[in-house]
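Structure record follows, encoded as structure tokens.
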Ligand SMILES: Cc1cc2nc3c(=O)[nH]c(=O)nc-3n(C[C@H](O)[C@H](O)[C@H](O)COP(=O)(O)O)c2cc1C
């Protein structure tokens, strides 16, 4: 596919399974796909290095302003089971974990607070974070990385979905998955099997898919030649 076509074809597809889909005995293809998508994420533009505190005593010591935590199919199902066992009301997230081939949890790394904003306790994300240009650019870069992943998945004909995360934001599941609460979840990216439609699952699209698209409603063509 031509790149324009891939970008236009990218769409939210929430694949909701009522029963858990079996895990393929061969996890190699999804591991490889996730690796390729991670390489695409790493190719996104970024303008500011993450704060050095994130690299201290941490294997994840990249200066990129985001982190990614990945789950293959087996781990999606194990997470599904844990959610059931803990009786966590995760709604559609559970249905999607029953169907997904992979899950990529993308966080961004907020700058330390410089003002007297009340610090959050360790059981919640540092929201609200400080409104400054660095944080804005961290989110912007992390969003570009996410978009690269979605475009890459679309190019591979894999239905995909950028979710805010629902219960995946909360401390119980974050602790279980080993995702520090000082990071802020920007997207839970679900990667579904190519043949999801044939498997008879409900596939929900994004409610805003066709809204606000008319160029004249958000573009002003600046013409200063006549001034
Ligand atoms: C930051 C972000 C968070 C999102 N979170 C959710 C979500 O939690 N639930 C949901 O149904 N859609 C979520 N979406 C997907 C949007 O609903 C979807 O992109 C929008 O309806 C446009 O549809 P499209 O992706 O098919 O173009 C999110 C999208 C973005 C960019």
Number of the condition not met by residue 24 [criteria: (1) within 21 Å of residue 183 (Cα to Cα); (2) in contact (Cβ under 8 Å) with a residue 12 or more places away in the chain]: (1)
Selection status of residue 106, in contact with a strand residue (DSSP E or B) (Cβ under 6 Å, 6 or more places away or on another chain) and either at pLDDT 95 or above or within 13 Å of the ligand (Cβ to nearest atom) (or both): yes
Selection from region 7-53 of residues that are within 16 Å of the ligand (Cβ to nearest atom) and over 16 Å from the mean Cα position of the chain (by Cα): 7, 8, 9, 16
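Condition check ((1) more than 12 Å from the chain's Cα centre (by Cα); (2) surrounded by 15 or more Cβ atoms within 10 Å (Cβ to Cβ); (3) away from the ligand (no atom under 11 Å from the Cβ); (4) without any contact (Cβ under 8 Å) to a residue 40 or more places away in the chain) across all residues:
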{"site": "131", "(1), (2), (3), (4)": "yes, no, yes, yes"}
{"site": "134", "(1), (2), (3), (4)": "yes, yes, yes, no"}
{"site": "138", "(1), (2), (3), (4)": "yes, yes, yes, no"}
{"site": "144", "(1), (2), (3), (4)": "no, yes, yes, no"}
{"site": "164", "(1), (2), (3), (4)": "no, no, no, yes"}
{"site": "172", "(1), (2), (3), (4)": "yes, no, yes, no"}
Residues of region 216-227 satisfying the condition of being part of a loop (DSSP other than H, G, I, E, B) and either surrounded by 10 or more Cβ atoms within 10 Å (Cβ to Cβ) or away from the ligand (no atom under 16 Å from the Cβ) (or both): 219, 220, 221, 222, 223, 224, 225, 226, 227
Unmet requirement for residue 206, which otherwise passes all of (1) over 14 Å from the mean Cα position of the chain (by Cα); (2) farther than 28 Å from residue 75 by Cα: (2)
Qualifying positions in region 183-207 - surrounded by 15 or more Cβ atoms within 10 Å (Cβ to Cβ) and in a loop (DSSP other than H, G, I, E, B): 183, 192, 193, 196, 201
Residue 4 being without any contact (Cβ under 8 Å) to a residue 60 or more places away in the chain and within 16 Å of the ligand (Cβ to nearest atom): yes
Test for residue 213: is it more than 25 Å from residue 80 (Cα to Cα), modelled with pLDDT of 95 or more, outside any helix (DSSP H, G or I) and within 16 Å of the ligand (Cβ to nearest atom): yes
Answer residue from region 76-101, given it is without any contact (Cβ under 8 Å) to a residue 24 or more places away in the chain and more than 16 Å from the ligand (Cβ to nearest atom) and is surrounded by the fewest Cβ atoms within 10 Å (Cβ to Cβ) among those: 87
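The values are calculated or read from the model by the stated rules, or taken from the named source; none is laboratory data. Keep in mind it's a predicted model, so treat the numbers as computed, not measured. For neighbour counting, all protein chains shown are included, and Cβ atoms are generated from backbone atoms with ideal geometry for every residue, glycine included.
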